[in-house]
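The next block holds one structure in the form of structure tokens; read it before the comments.
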Amino acid sequence: MGRVALVTGGTRGIGAAICELLRDKGYTVAANYGGNDDRANQFKAETGIPVYKWDVSDMAACQAGIEQVTADLGAVEILVNNAGITRDGTMHKMDTDMWQAVIDTNLGSCFNMSRCVISGMRENGFGRIVNIGSINGQAGQYGQVNYAAAKSGIHGFTKALAQEGAAKGITVNAIAPGYIATDMVAAVPDQVLEKIVAQIPVGRLGEAGEIARGVAFLVADDAGFITGSTLSINGGQHMY
Ligand code: CAA
């Protein structure tokens, strides 16, 4: 059996593509999800990948969920912090709940999940953590102070934890996706999205599988010298 990889938000969109590619490459994959049971059951039936439901913004739920994954599959050696939500709106229309939900789910989850697996990785002398950031954490985005702050935080989190893990065989990297054809981007109003696509030099939205390829590259055993980096995969929209 290949190394155990746990992907948060793993049953839809970018997370599902990551799970499937890692499974194809021989990893033992577990997919966490937060709420959509129908989609999760469909994903499990189609892929054979086990699914685990818990809220990644809740530390106690993360501890219990990871204990279950470990009991079923073995210690988590690869963690992909992918789960994320949007609550878009301009600042003057944004309420505290919109702010807090995005900070807790997108950034707080990285702390919760990483905290739960880091001691095991240190003991084993091996670990791979990949955090899914965003072009909007690098460049900002109108209507996304919450999301941009959380994603920008992920990029700082990655560089700090990379320094701590380096001597223990643990690499920590980020991927900054641009606009990818997922449910999240489909929720952007058509006229807004048209303007965004016009700013992408490659001339189209990205595919979830194009992000998954980056994750597979970063989690490989022979990627041990790559740590603290951010891989931008955005069709040339922002060259950071
Ligand atoms: N720059 C400057 N002005 C802008 C603007 C922009 N990017 N976008 C909108 N505006 C202007 C509008 O033209 C409008 O101006 P007028 O009132 O003068 O006509 C004003 O802002 C208000 O715009 P809206 O009517 O759209 O305001 P709203 O409150 O109804 O909606 C919004 C605002 C929710 C931010 C909406 O514009 C929106 O959804 N934008 C998309 C945000 C976005 O890109 N989200 C990314 C989601 S996908 C993702 O996050 C994944 C990832 O990592 C990439």
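So here's what we get for this one:
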| quantity | calculated |
| --- | --- |
| Members of region 1-30 found to be under 20 Å from D55 (Cβ atoms) and among the basic types (K, R), listed by number | R12 |
| One residue from G120, G127 being surrounded by fewer than 18 Cβ atoms within 10 Å (Cβ to Cβ) and either in contact (Cβ under 8 Å) with a residue 40 or more places away in the chain or aliphatic (A, V, I, L, M) (or both) | G120 |
| Those helices (runs of 4 or more DSSP H) lying entirely in region 6-83 with at least 1 residues hydroxyl-bearing (S, T, Y) | 37-47, 59-73 |
| Residue in region 196-207 that is crowded, with 18+ Cβ neighbours inside 10 Å and in contact with a Ser or Thr (Cβ under 7 Å, 6 or more places away or on another chain) present | no |
| Count of residues meeting criterion [of a type in the set (D, E, K, R) and not in a helix (DSSP H, G or I)] in region 181-240 | 2 |
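Just so you know, all these numbers are worked out from the coordinates, no wet-lab data involved. Since the structure is predicted, the reported quantities are computational estimates derived from the model, not experimental observations. Because the Cβ atoms are built from the backbone with ideal geometry, glycine has one as well, and the counts that use them run over all protein chains shown.
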